[in-house]
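Participant: Sharing a structure here in structure tokens format.
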Amino acid sequence: MKTTSLPDFQVHATFQERRRKDVSFLDRVILQLDKPAVQINLEQGGRVQLGDLIMMLNDTAQLVHGVELSKDQTGVTAKVSHLNTTMTVFFNGYTVQIHIKGPSGQVPSVYGLCGNSSQPLNEVRLSEHSASGCETQYEDTANSTINCNDMTERCNLLKEAFFTACHTHIDPQPYATACANTLCKYSAVDSLNCQFLEAYARACSLYSNDTMEGWRSKASCSGGPQAYCQDRFCSAHEFCGENSISGGTRCHCRAIFASTYRSQNTLGDGVVCNKSSLSVTLVGCLLQDKGIHYSDLHLYDNTCRGQMDNVTHMVTLSFDTKINPCGMMIRMNNKSQIINKNGVILETTKEQLADITCPFIIPDIDIDFSVGIKIIGGTNNGSYEYVITGVWNYTLTMKAYTDPGRTQTVTSNTELKLNQKVWYELKTGGLDDKEIALVTHSCFATDDPTANSSLRYDLIINGCANPADQTVTVQSNGEGTYNYFSFNMFQFSGKQGNVYLHCKLNLCLKQNKTCAPSCSPNARTRRAATSEHEDENSAIIIMAWSA
């Protein structure tokens, strides 16, 4: 928008989608001065940027290249004057209000979208401010929860008595129409159900001292005029909106940006494999959609945490295989090629959110397909046995085998190969399998004998095979007094010591109930039923191996 009464000054606006791909909202206002050639950006959250400089504003106006800039709880105001003409631009993050006052109160002619609203958009679109493909028409699934009649009735509040004082100055119909057209398609979230009413009330304040008391309570718009999401700054691919999980506001992913990730059911970009380093980048707003805080993410070694970029809000987890492999494990793939594997783990659930796998050999580690791995410790027949005392007294045995029928026992003399499948049987003695079931709750590997080691690789989580490791199978868990599982042997990269396998087990009283964990391949694992004396009958059994 421009006017000949204010030469060398234009107002530009950019629009972008939010929760839907097919609805765009005012996103940024650009004040462009030709002499000098300067752009002042009024952005979301009340941020004002002059070039690369973010300006610190308050309610006392600052003069910047002839433009008075100020900011209060309602939004940002810019004022520019030339001779007897003054233009005031107000932006609250959703609505821009432009008020021009000429000599003797006259309104000068304006050009651009505000000058002739019947112009087609392609005539007023400015290529220098338009992203590539911005003319693309998007479609999105209709929101079946929206009752258009209710929304139209709400928008027609603009025509009711408490706005009567303004009706002679400003026609409420265009506001009501725009309101209904939007809210019949786009959910009334992020304070949007009050924005059209607030915009009309503010426009009315230019013409009348009547404060139109009562409209906010009638429309359930609590509080006074205040910019929504003030001082909440989001990245270019985000917008600020309601936080349905914890209340308040947060940065959400824009619909077009997020559509590719959501269609592929992923939380970020692929793994980047360099000569000796690996990294994976996750999208912060997608993590927040699932209620995940980036600080709860780590690699197999939980000392290797995610880092969030303060501007883009992207979360990166990376490591250098020579300096700190962060728990990286070494396996073989089906092409007999060494692969280095790590994963992004959610600390609260032990769920693996992303896989980090790169097929390359680390030069300073001498390990290949023929490396021999030996079970260490245990009895002469290769088993580990404990006597457990609690509500029930019983023996607990772990034994390894090289065949699915569990006839070929692994002893300390058996040489296993990297990636060789091994079966582990967990068995109790002294219990009645008609009354009690043995439930293997979890099994995980560490690089030291302590279960709380910072380095941890999960094989069984909540009674079910870790879905991130396709070599793991769990059988007969929670069905009787024994169960067994299998996985392919591995070593931790850069670790010269042993690998310790920890298994936590519980006893479950059957009593006409199912003790077996529910392990749906397409759902998160659920905890199995356990005994009311779980703490007294929990046991951890440990086995170790070394390359």
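The values are calculated or read from the model by the stated rules, or taken from the named source; none is laboratory data. Not measured: the values here are computed from a predicted model. FYI the Cβ positions are ideal-geometry reconstructions off the backbone, even for glycines, and counts take in every protein chain you see. Calculation scope for accessible area: heavy atoms of the full protein, side chains included, ligands and nucleic acids excluded. Shrake-Rupley method; radii C 1.70, N 1.55, O 1.52, S 1.80 Å.
Participant: Can you confirm whether Thr450 is in the same structural domain as Glu425 (by the TED database), free of Cβ contacts under 8 Å to residues at least 40 places away in the same chain, open to solvent by 20 Å² or more (accessible area, probe 1.4 Å) and under 21 Å from Gln352 (Cα atoms)?
Facilitator: No: the conditions fail for Thr450.
Participant: Filtering segment 194-240 down to residues that are without any contact (Cβ under 8 Å) to a residue 40 or more places away in the chain and not in a loop (DSSP other than H, G, I, E, B), which residue is most open to solvent (accessible area, probe 1.4 Å)?
Facilitator: Ser217
Participant: Shifting gears a bit: I'm trying to understand the selection: among the residues of segment 146-178, which are buried (at least 19 other Cβ atoms within 10 Å of the Cβ) and either hydroxyl-bearing (Ser, Thr, Tyr) or in contact with a Lys or Arg (Cβ under 6 Å, 6 or more places away or on another chain) (or both)?
Facilitator: Correct list: Pro172, Tyr175.
Participant: Filter segment 50-59 down to residues that are under 19 Å from Gln10 (Cα atoms) and in a strand (DSSP E or B), then give me how many there are.
Facilitator: Count: 1.
Participant: Within the group Asn41, Asn58, which residue is without any contact (Cβ under 8 Å) to a residue 40 or more places away in the chain and more than 20 Å from Cys251 (Cβ to Cβ)? First the steps, then the outcome.
Facilitator: Values: Asn41 fails: more than 20 Å from Cys251 (Cβ to Cβ).
That would be Asn58, the only listed residue that is without any contact (Cβ under 8 Å) to a residue 40 or more places away in the chain and more than 20 Å from Cys251 (Cβ to Cβ).
Participant: Looking for whichever is crowded, with 21+ Cβ neighbours inside 10 Å, farther than 21 Å from Cys519 by Cβ and under 28 Å from the mean Cα position of the chain (by Cα) here; the options are Leu455, Leu459. Which one fits?
Facilitator: On inspection, the qualifying residue turns out to be Leu455.
To keep it simple, each residue is scored yes or no on (1) among the charged types (D, E, K, R); (2) surrounded by 19 or more Cβ atoms within 10 Å (Cβ to Cβ); (3) at positive phi.
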| position | (1), (2), (3) |
| --- | --- |
| Cys253 | no, yes, no |
| Arg262 | yes, no, no |
| Gly270 | no, no, no |
| Gly291 | no, no, yes |
| Leu299 | no, yes, no |
| Asn310 | no, no, no |
| Phe319 | no, yes, no |
| Cys326 | no, yes, yes |
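Participant: Any residue in segment 418-429 that is at pLDDT 90 or above, farther than 30 Å from Asn302 by Cβ and not β-branched (Val, Ile, Thr)?
Facilitator: yes
Participant: Using the structure shown, decide if Tyr401 is open to solvent by 30 Å² or more (accessible area, probe 1.4 Å) and aromatic (Phe, Trp, Tyr).
Facilitator: no
Participant: Still on this structure: How many residues, within segment 411-451, are over 34 Å from the mean Cα position of the chain (by Cα) and not in a loop (DSSP other than H, G, I, E, B)?
Facilitator: 14
Participant: Shifting gears a bit: Is it the case that Leu286 is under 17 Å from the mean Cα position of the chain (by Cα), open to solvent by less than 50 Å² (accessible area, probe 1.4 Å) and assigned by the TED database to the domain that holds Asn340?
Facilitator: yes
Participant: Also: Looking only at segment 2-15, count how many residues are under 35 Å from the mean Cα position of the chain (by Cα) and open to solvent by 60 Å² or more (accessible area, probe 1.4 Å).
Facilitator: Count: 1.
Participant: May I ask you to list pairs of residues, at least six apart or on different chains, whose Cβ atoms are under 7 Å apart, with the first in segment 415-442 being over 24 Å from Tyr500 (Cα atoms) and the second being surrounded by fewer than 19 Cβ atoms within 10 Å (Cβ to Cβ) and among the aliphatic types (A, V, I, L, M)?
Facilitator: Glu435/Leu509; Ile436/Leu509
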